[in-house]
1. Taking the simple approach of a point 7 Å from Cα along Cα-to-Cβ for both Ala203 and Tyr397, what is their distance in nm?
2. Among Val252, Val351, Val285, which one shows the biggest mean-square fluctuation in a GNM of the chain, springs joining Cα atoms closer than 10 Å?
3. Tell me, what is the per residue accessible area of segment 224-285 in Å², probe radius 1.4 Å?
4. Probe radius 1.4 Å, ligands and nucleic acids ignored: give me the carbon and sulfur share of the accessible area of segment 22-230 as a rounded percent.
5. Once you keep just the Cα pairs under 8 angstrom separated by 6 or more residues, what percentage relative contact order results for segment 22-230?
6. Quick one: work out the % antiparallel among DSSP beta bridges in the chain, nearest 5.
7. Looking at the square roots a ≥ b ≥ c of the eigenvalues of the Cα gyration tensor of segment 22-230, which shape do they give, rounded for a/c under 1.5, prolate if a/b is larger than b/c, or oblate?
8. Excluding ligands, DNA and RNA, what is the solvent-accessible area per residue of segment 1-115 at a probe of 1.4 Å, expressed in Å²?
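The values are calculated or read from the model by the stated rules, or taken from the named source; none is laboratory data. Not measured: the values here are computed from a predicted model. Glycine also receives a Cβ, built like all others from the backbone with ideal geometry; neighbour counts cover every protein chain displayed. Side chains are part of the model used for accessible areas, which takes the heavy atoms of the whole protein and leaves out ligands, DNA and RNA. Shrake-Rupley method; radii C 1.70, N 1.55, O 1.52, S 1.80 Å.
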Amino acid sequence: MDRILLRGGNPLHGEIPMSGAKNSALKLMAACLLTDEPLVLSNAPRLADTRFMAHLLAHLGVHSSEDAGSVLTLNAKDITNTTAPYELVRKMRATFNVLGPLLARMGAAKVSLPGGCAIGARPVDLHLKAFEALGAEIELSEGYVEAKVPGGRLKGGRVVFPFVSVGATEHTMLAATLASGTSVLENCACEPEIADLAGCLNAMGAKVSGAGTSTITIEGVEKLSGAHWPVVPDRIETGTYALAAAAAGGKVRLTQVRPQHNDALWSAMEQAGVTITQGEDWVEVERDPATPIKAVDIETRPYPGFPTDLQAQFMGLMVLAEGASVMTETIFENRFMHAPELSRMGADIHVRGREAVVRGPAKLTGAPVMATDLRASVSLVIAGLAAKGETEINRVYHLDRGFERLEEKLSRCGADIRRVNDRE
Ligand code: UD1
């Protein structure tokens, strides 16, 4: 198993290019099932999660090829299987998103229920209710969702989500593109990845409007074609490196980004005393390591609020801040697993239900710590950059799910970070 060894204390200086968004790429990959022509995704991130998705798609009959850069071609000319088995779905929840496209194109599908995960129960009831509103018949049996469409084609319908769900919004959009008639989805999530998916679907010939607002309208079409689509830059990766630069101190320019997708973060970082300068497709983060960091409270919210996927990383900065800050997590019920690991490095954090109170500034020291989930693990890297001595991060397969070439990107800016494998 790989470990990351990180010696803190070096300020970061330089430029880091951001990759395409994992959370968008996974849904765009599922969209390939809607057409028998090739879907070409450029700026596709190379991650463990996109490999899991490609693996499942291959099982369904999709041919995929990656070039040496970041272009991923997916061809679902012949779907040879409409069952997504437990072994291929359990590793990553987003694989569940093949259900909607399979139903839309093939009229039937059997997909394993994804189950919970470390950060919370994460049910899929909203996804299934939406498919029923589009005319699907759904049965749950032996851990699988068995769905079929009487007559073979979904029908446009009205779906009102009882609360905002990114996954349910995207999954319903995917399914409704090939339905007969018009679907109106209300109380939709507004994340940039949803607008990215709508852009790609429209490039394939779909008629989706309103993505990025709370009401999305989809006029169903009979057939979708292939397309070429560039994956939107990863705003979570961008926010993560911005927080890393703030914690370590120094000056780092992040390139190939959409700065406007991180407004809630920039505002919190500026309140903390970090200088943020934005250009059209870059952002620069600067902090003199001698300048104290101010404590700032945050509350996670659906977009455009503060993203839950950056809460752990922001806590990694707040442990260094002077005074008390409160992190309130409103999206997932168990998303403070990084707190005890940060405490092992000297942080003072008290978790009470959905709130974590952080008291700083901590004099962090390197320690052996354990990655517990994707975003939690990278908060340990952020703290490690500011800690005295060596931090050893175990279970880095969590990091590899969502961060492409992390050690390379950080060491190019002066971080003392390396990966070791016990077999070496
Ligand atoms: C996506 C992102 C994840 C991010 C999250 C919130 C991907 C691959 N993952 O996850 O990184 O943290 O959005 O921004 O894009 N819920 C239900 N029933 C449902 C669906 C969701 O109760 O049918 C609940 C969830 O348990 C959670 C809340 O709704 O408490 C929001 O989840 P949702 O927005 O659906 O997150 P995901 O799409 O799973």
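1. 3.3 nm
2. Between Val252, Val351, Val285, it is Val351 that shows the largest mean-square fluctuation.
3. Working: 2010 Å² over 62 residues.
Here the per-residue accessible area is 32 Å².
4. Working: 4110 of 7930 Å².
The C+S portion of the solvent-accessible surface of segment 22-230 is 52 percent.
5. 21 percent
6. Numbers: 58 of 83 bridges.
Close to 70 percent.
7. Details: a/c = 1.26, a/b = 1.11, b/c = 1.13.
Rounded shape, in that the Cα axes give a/c under 1.5.
8. Working: 4150 Å² over 115 residues.
Result: 36 Å² of accessible area for each residue.
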